[in-house]
Amino acid sequence: MGAACQPGAWGGGVASVRLGRTSSGGGVARARGAHNSTLQGRGLYHGGRDLYHGGRDLYHRGRGLGRKQAETHGGVGCQQTQSAMAFLQVFGRVRSIVIGMVHMKALPGTPGCRLPVAQIVEEACQEAEIYKNAGVDGLIVENMHDIPYTLHIGPEITAVMTKVCSAVRQTCPRLPLGVQILSCGNKQALAVALAAGLDFIRAEGFVFSHVADEGIVNACAGELLRYRKLIGADHIQIFADIKKKHSSHSLTADVSVSETAKAAEFFLADGVILTGVSTGEEADPRDLQEVQRSVKIPVLIGSGVTLDNVEKYIEANALIVGSHFKKDGYWKNDVVSDKVISFMDQARKLRL
């Protein structure tokens, strides 16, 4: 994945981890930050990352983070695993990353589509710019407005998602970016990420089966990882939802959340995502603790995080925040810059 994963990189010694990313087109490395975003000395700077304020890269060094702290703050497990090092390479830290959601407007062919493609692209980039200037650590681009979702995603969705994600990448050239295609368009998301130079995808239905709004979803890990290998996209990380929101899990009622997480880890997920029962609903903090004890890959929170409850989830590897950043906390509304700034200020205080 392009990282110099040398012994000692997590703590002590002279090893360093260079946080460069390689784009899919021509292998040109994009270094994040004015100092090539290299974590030196003790291996990790607690809070050492690029902050995107007004388009400027502010390289901030906090307290040194040694081996024991790195293991703890990567989830109880998240030790010197390939997934943990890959996570560090992309985000520049292993704890409490804040990822904002770019909910692009309804795409061509969906019932809610009202805008031409050019305007869909423009509005997505405007939203990404707001997030970048407010200082988030990363973004996920998602076709949230394509309701009702379907498991049979047409080529027009993949095509426009690629166009939008490529434009967002140009808007945020140094920000870690991911994509999710609803519903369960995991292979399509990998293709988009590869073409647009993104860093990760959010995947649904990775392990086990569940019943979603769109129908029965079966496990896709085997097929998805083979596809990732086939197209040469091993550098693109897969963060997998477990016990996915908006779904019935009666088929796997005898499988605990930690067992599901361990299955995802065994099937080579790069990280797992915990959510509440629906968009905007809180995840159970006890599930976070349980899963962190169970796996050695990054654990992300994927719904329900707000300014008021962020302290409960700050030990997660990443917080994916969408609804809270919108006007009135409703996902269909516009992003409010002041809400993002206030949240990031609080998150930075809690990181120390």
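The values are calculated or read from the model by the stated rules, or taken from the named source; none is laboratory data. None of these values were measured; they are calculated from a predicted model. Note that each Cβ is placed from the backbone with ideal geometry, even for glycine, and that neighbours are counted across all protein chains shown.
So LEU65 passes all but one of these: (1) at pLDDT below 95; (2) among the hydrophobic types (A, V, I, L, M, F, W, C); (3) surrounded by fewer than 23 Cβ atoms within 10 Å (Cβ to Cβ). Which condition number does it fail?
Only one criterion in (1) at pLDDT below 95; (2) among the hydrophobic types (A, V, I, L, M, F, W, C); (3) surrounded by fewer than 23 Cβ atoms within 10 Å (Cβ to Cβ) is unmet by LEU65, namely (3).
Quick check on this structure: which one of VAL272, VAL291 is free of Cβ contacts under 8 Å to residues at least 60 places away in the same chain, closer than 20 Å to SER209 by Cα, in contact with a helix residue (DSSP H, G or I) (Cβ under 6 Å, 6 or more places away or on another chain) and outside any loop (DSSP other than H, G, I, E, B)?
VAL272
Among the residues of the stretch 198-218, is any surrounded by fewer than 19 Cβ atoms within 10 Å (Cβ to Cβ), part of a helix (DSSP H, G or I) and not β-branched (Val, Ile, Thr)?
No.
Have a look at GLY302, GLY280, GLY276 and point out the one that is of a type in the set (Gly, Ala, Ser), under 24 Å from ILE130 (Cβ atoms) and at pLDDT below 95.
Only one candidate qualifies: GLY280.
Go through GLY222, GLY154, GLY197, GLY185 for me and flag whichever is on the phi > 0 side of the Ramachandran plot and out of contact with any strand residue (DSSP E or B) (no Cβ under 6 Å at 6 or more places or on another chain).
Criteria check complete, one pass: GLY197.
Looking at VAL121, VAL168, VAL160, VAL117 in this structure, which one is modelled with pLDDT of 95 or more, in contact with a Cys (Cβ under 8 Å, 6 or more places away or on another chain) and not charged (D, E, K, R)?
VAL168
I'm trying to understand the selection: among the residues of the stretch 323-345, which are of a type outside the set (Asp, Glu) and in contact with a helix residue (DSSP H, G or I) (Cβ under 6 Å, 6 or more places away or on another chain)?
SER323, PHE325, GLY329, TRP331, ASN333, VAL335, VAL336, SER337, LYS339, VAL340, listed by residue number.
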